[in-house]
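Since the structure comes first, as structure tokens, the remarks are kept for the end.
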Amino acid sequence: MIEFAIAFVLFYCVHMLGITIGYHRLLSHRSFKCSKGLEYFFVAAGYLAMEGSPVTWAVVHRAHHRQPDLANDPHGPSRGWFHQYAGWMLDFRYSESVSPAALAPDLLRDPVYRFFDQNQHLYRAYFLCFVTCVLTRLLLFVATDVWILLASVLAGFAAQQMPLVLNVVSHMPRLGYRTFATEDSSSNVPWLAILTMGEGWHNNHHAFPGSARSGISAREFDMSWLVLCFLKRMKLIHSINMPSPQHSPNHSTQSLALMSHPEKAG
Ligand SMILES: [Zn+2]
Ligand SMILES: [Zn+2]
């Protein structure tokens, strides 16, 4: 049982960092730079948590930031909480306002991401991801035992759920607090920030989506940011964006004033 618990925590951390650092802060926002090898490592860790095509993930997420909470937000609240949580994935198509060619031309230039994107056939791309996840777990089972397999499957599922839960919870202001006067309903939710390794500081993130750091004040623990600091110290990443006016779409005086003194906000 101890073996299972340790394996679960390790698998969860790897998959979660793959989603936060790989899919989100690197691919979707280009908030730092690194080698292709390290980029593929993090993206693979997210992919094996059933995150699907990296292109689709980045396209949908960039569309979310373009018009958060409005009708063209792919997982906005206009069609109810289930659509906001996972229903949007069941459409298996992009909405008319979302164009992969326009939103993620950088990712479509990469042959590896193009292969996993399956020419924008969302069914095929998700099926390829599912098959890859199953085959990987079978290899793991052959190399280890049933408890490690179970830990891997459950940790992958838990990590896969986190961005979906975040889409709902961190856009409900009553469940957290808002530091910045963004034009959306994004909220900082401490317990979710722990589970998602920093992504729960979602109001901060909407104020500064181009920043590699989401936990801004001293009490906002951001595990992914600590990992990025470690990688920077190891000289594995560089050109790291920090919260600053040029990484914010909200160039309001209030946002910038709060940026200087985030601890004063309520
Ligand atoms: Zn959001
Ligand atoms: Zn984002």
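The values are calculated or read from the model by the stated rules, or taken from the named source; none is laboratory data. Since this is a predicted model, take the numbers as computed values, not measurements. We place every Cβ from the backbone using ideal geometry, glycine too, and count neighbours over all the protein chains shown.
The helices (runs of 4 or more DSSP H) found entirely in region 185-264 that carry 1 or more residues being under 14 Å from the mean Cα position of the chain (by Cα) and at pLDDT 95 or above are 190-195, 202-207, 223-233.
Being under 27 Å from Val14 (Cβ atoms), outside any helix (DSSP H, G or I) and of a type in the set (Gly, Ala, Ser), is that true of even one residue in region 98-121? Looking through region 98-121, at least one residue is under 27 Å from Val14 (Cβ atoms), outside any helix (DSSP H, G or I) and of a type in the set (Gly, Ala, Ser).
Among the residues of region 71-121, those that are within 16 Å of ligand 1 (Cβ to nearest atom) and over 20 Å from the mean Cα position of the chain (by Cα) comprise Ala71, Ser78, Arg79.
The selection criterion, being without any contact (Cβ under 8 Å) to a residue 60 or more places away in the chain, crowded, with 19+ Cβ neighbours inside 10 Å and either within 17 Å of Thr56 (Cα to Cα) or not aromatic (Phe, Trp, Tyr) (or both), does not hold for Ala143. Considering only region 204-227, state which residues are within 13 Å of Ile21 (Cα to Cα) and small (Gly, Ala, Ser). Within region 204-227, Gly210, Ser211, Ala212, Ser214, Ser224 meet the criteria. Pairs are defined by a Cβ separation below 6 Å, a sequence spacing of at least 6 or placement on different chains, a first member in region 199-210 that is within 14 Å of Ser31 (Cα to Cα), and a second member that is charged (D, E, K, R); the pairs so defined are His206/Asp184.
Restricting Leu128, Leu135 to those that are more than 20 Å from Ala63 (Cα to Cα), in the same structural domain as Glu51 (by TED's automatic domain parsing) and either within 14 Å of ligand 2 (Cβ to nearest atom) or surrounded by fewer than 18 Cβ atoms within 10 Å (Cβ to Cβ) (or both) reduces the list to Leu135. Sub-8 Å Cβ pairs linking a first residue in region 60-82 that is aromatic (Phe, Trp, Tyr) to a second residue that is more than 16 Å from ligand 2 (Cβ to nearest atom), at least 6 apart or interchain, number zero. The set of residues in region 146-173 being in a helix (DSSP H, G or I), without any contact (Cβ under 8 Å) to a residue 60 or more places away in the chain and within 16 Å of ligand 1 (Cβ to nearest atom) consists of Leu166, Val169, Pro173. In region 1-34, the qualifying residues are those that are in contact with a strand residue (DSSP E or B) (Cβ under 9 Å, 6 or more places away or on another chain) and of a type outside the set (D, E, K, R), and the one that is nearest to ligand 1 (Cβ to nearest atom) is Leu26.
Of everything in region 1-47, what is of a type outside the set (D, E, K, R) and under 14 Å from Ile148 (Cβ atoms)? Give them in sequence order. Listed by number, the residues that qualify are Met1, Ile2, Phe4, Ala5, Ile6, Ala7, Phe8, Val9, Leu10, Phe11, Tyr12, Val14.
Across region 183-198, the number of residues qualifying as out of contact with any Gly (no Cβ under 8 Å at 6 or more places or on another chain) and either away from ligand 2 (no atom under 12 Å from the Cβ) or under 22 Å from Leu26 (Cα atoms) (or both) comes to 6.
Residue count for region 53-70 under the criterion of being over 12 Å from the mean Cα position of the chain (by Cα) and of a type in the set (Gly, Ala, Ser): the result is 2.
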